[in-house]
Amino acid sequence: MKKCMSLFLCLSLYGCAINLDFGFGEEDAKPETNQIKSTPQEIKIPNDIRWVTKSSEYKILCEQTYKNAWDNLSEILNQVNEQSAIIMDLDETVLDNSKYQIGLTEKGESYNPESWSTWVNLEEAELVPGAKKFIDNVRTTNTTIIFLSNRMAKNEKPTIENMKRLNIYDEKDIFLLRIDKADKKHVRRNEVTSGTGRLEQAGPMEVLAYFGDAFHDFPQESETYIFGQNMFMFPNPMYGKW
């Protein structure tokens, strides 16, 4: 009888061991591929930047503006001398800096002068659609191109190198970049028309047209200067003061 009880006890314990092994085995046997792994969340580019970089509408608007400008100005520009000029803003008028805006988004940052200066020194800006064709057309005339931009004057060299890479630079071009906070655009425009300050050597110049992407890129609209006639605004939803 004792032998039977001992045998029964051994078999019971053995059976329990088998059940326990099976139970743990089922949990451990689950493959890793069934486990949910977290992945970095894809960064969504805001609609304003996407519109500039991806849409056909942006490209068409810029090309259309430059075409209309040449259609309006070509006859006049072909009859002028070197004391006649057009004033062009640079950023988002001639140079496309959307890569800088994308970089800010990816880093979760907003504009700051340090990162902007770093970007300018990379010399990686591209062309606003239509800009090169228009500038090439102006080069066939005696018209002087004045690039009046709020880029800092200390960054004139990388700006020129960037424009050389894009094949839109000419040694006759005049660059009026910003010296300090007080050096507003209207101050520099006055130097152009009066032949003072940085334009003292060149002398007074007749400005035939203005190009920009912000209201402060232009003088006050008047009988002389009219939007769509000799002042041309480019779309820029990425930044500005509204």
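Go through the stretch 182-197 and give me each residue that's farther than 17 Å from residue 89 by Cα and not polar (S, T, N, Q).
Once the filter is applied, which keeps residues that are farther than 17 Å from residue 89 by Cα and not polar (S, T, N, Q), the stretch 182-197 yields 182, 195, 197.
Name the one entry in 177, 208 that is farther than 29 Å from residue 121 by Cβ, outside any helix (DSSP H, G or I), modelled with pLDDT of 95 or more and in contact with a strand residue (DSSP E or B) (Cβ under 6 Å, 6 or more places away or on another chain). Walk me through how you get there before you give the answer.
Values: 177 fails: farther than 29 Å from residue 121 by Cβ.
One residue alone meets the criteria, 208.
Only one of 95, 73, 148, 61 is within 16 Å of the chain's Cα centre (by Cα) and aliphatic (A, V, I, L, M); which?
Result: 95 is the single residue among 95, 73, 148, 61 that is within 16 Å of the chain's Cα centre (by Cα) and aliphatic (A, V, I, L, M).
Would you mind telling me which numbered condition in (1) modelled with pLDDT of 95 or more; (2) part of a loop (DSSP other than H, G, I, E, B); (3) basic (Lys, Arg) residue 188 fails?
Condition (2) is where residue 188 drops out.
Name the single residue that is modelled with the highest pLDDT among those in the stretch 82-103 being farther than 24 Å from residue 165 by Cα and out of contact with any Asp or Glu (no Cβ under 6 Å at 6 or more places or on another chain).
It comes out as 83.
When you go through 168, 146, 160 one by one, which is the residue that is surrounded by 13 or more Cβ atoms within 10 Å (Cβ to Cβ), part of a loop (DSSP other than H, G, I, E, B), among the β-branched types (Val, Ile, Thr) and at pLDDT 95 or above?
Of 168, 146, 160, the one residue that is surrounded by 13 or more Cβ atoms within 10 Å (Cβ to Cβ), part of a loop (DSSP other than H, G, I, E, B), among the β-branched types (Val, Ile, Thr) and at pLDDT 95 or above is 168.
The values are calculated or read from the model by the stated rules, or taken from the named source; none is laboratory data. Note that the structure is a prediction, hence the values are computed from the model and not measured. So basically every Cβ, Gly included, is an ideal-geometry build from the backbone, and we count neighbours across all protein chains shown.
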